[in-house]
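The block underneath contains the structure these notes are about, expressed in structure tokens.
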Amino acid sequence: MSLSTLSSRPLAILSALVDEQRSLLGLLQQPERIEHAGRTFWRGRLDGVAVLLTVSGIGKVAAASTATLLIERLGAAAIVFTGVAGGLAPGVNVGDVVVAEDFLQHDMDASPLFPRYEVPGSGRSRFACDEALGASLARAAQDALAQHWPQARVHRGLVVSGDRFVCGAGESLQLQQRLREAGHAPLAVEMEGAAVAQVCADHGLPFAAMRTISDRADDDAHQDFSSFVQTVASVYAQHILRGLLSQPRPGVRSA
Ligand code: SAH
């Protein structure tokens with residue numbers, strides 16, 4: 001059974017940067033371009049599966065706004081995020097892939113009114129990804145890496161997001177220490193995922209995310225960023241997403 005047999009509604013593949021999306025866009029069949037709210041949405045088919053491709057732009061608000069449009073206006077059945085992130089935990093190296101189990105906003109702080117990191121009104125600080133869709137994405141990542149980049153590893157766990165490009169060894173350590181004190185052990189940091197996870201939770205929509213580690217969130221984080229995204233992360237995304245699309249889609253309910 002392929003993904004296309006389970007739902008007529010499209011699977012949305014969301015990226016933060018144009019370069020992250022490029023290799024997937026090149027494969028889109030029957031592409032239809034939709035302009036809305038300053039964004040370009042592409043509707044079409046990837047390997048026969050109905051998809052929506054779009055770029056959110058950088059940061060939590062841009063990501064939340066785009067995710068809402070994908071769900072409310074374009075009828076996405078599920079959202080998969082593909083992008084890059086800074087590695088935080090030891091052993092999460094440049095060229096590895098992190099498939100998120102859950103997300104937290106590391107810059108959310110309404111203390112002392114609410115515990116640090118808790119999203120006011122939600123009663124929680126961590127938003128889980130869809131288990132089945134996440135497992136499928138992790139399997140696709142394992143397969144792609146084993147076949148094409150055997151030295152790279154797939155990690156699964158917590159990813160944290162905030163409106164800040166973390167690019168200093170001291171800042172990275174401080175971020176991890178504060179999170180650890182609150183009982184959180186993040187694998188990687190980026191700028192969009194937690195916002196999409198929260199929007200998907202609001203709408204009861206399955207969400208999963210993969211991030212290729214582009215840097216270690218340290219003093220060298222900004223170097224060769226663009227060329228890494230174009231030559232490595234975008235190619236990973238193509239292989240991994242095509243692997244996902246060739247699997248059954250247990251995380252996505254029929255329309
Ligand atoms: N140089 C880019 C800007 C990239 S901002 C440009 O000119 O457009 C960083 C993007 O990569 C965000 O989408 C974020 O999610 C991710 N990212 C990668 N490494 C990161 C880090 N160390 N800290 C925060 N976000 C990171």
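A few comments on the model shown:
- In terms of its Cα atoms, the chain spans 48, 42, 33 Å along the principal axes, sorted from long to short.
- Test item: Cα-centred dipole of region 10-76, Lys/Arg +1 and Asp/Glu -1 on Cβ, debye: 80 debye
- All Cα-Cα separations within region 1-107 were binned at 5 Å from zero, giving a P(r) of 2, 11, 21, 23, 19, 13, 8, 3, 0, each value a whole percent of the pairs.
- Length gained when the stretch A128-Q147 is fully extended (0.36 nm per residue, less Cα-Cα span): 4.0 nm
- Exposure ranking of F228, F114 by accessible area [1.4 Å probe, largest first]: F114, F228
- In a reduced charge model with +1 at each Lys and Arg Cβ and -1 at each Asp and Glu Cβ, the chain shows a dipole moment near 760 debye about its Cα centre.
- Descending principal axes extents, region 51-201, alpha-carbon based, whole Å: 49, 40, 26
- Expected 222 nm ellipticity per residue - DSSP helices of 4 or more, -39500 (n - 2.57), all of the chain, to 500: -9500 deg cm²/dmol
- Based on the Stokes-Einstein relation at 37 °C and a viscosity of 0.692 mPa s, and on the Kirkwood radius from alpha carbon pairs, region 128-255 is assigned a translational diffusion coefficient of 204 µm²/s.
- Of A62, A50, F114, farthest towards positive along the dipole that unit charges on Lys, Arg, Asp, Glu beta carbons give the chain: A50
- Test item: Cα-centred dipole of region 18-139, Lys/Arg +1 and Asp/Glu -1 on Cβ, debye: 260 debye
- Mean-square fluctuations from a GNM of the chain, with a 10 angstrom spring cutoff on Cα atoms, peak among V84, V119, V98 at V119.
- Among D107, D96, D130: highest mean-square fluctuation, GNM of the chain, C-alpha pairs under 10 Å: D107
- Among E190, E131, E72, the largest mean-square fluctuation in a Gaussian network model of the chain (Cα springs under 10 Å) belongs to E72.
The values are calculated or read from the model by the stated rules, or taken from the named source; none is laboratory data. Just so it is clear, the model here is predicted, and its values are computed rather than measured. As a convention, Cβ positions derive from the backbone with ideal geometry for all residues, glycine included, and neighbour counts pool all protein chains shown. Ligands, DNA and RNA are excluded from the accessible area calculation, which covers all protein heavy atoms including side chains. Shrake-Rupley method; radii C 1.70, N 1.55, O 1.52, S 1.80 Å.
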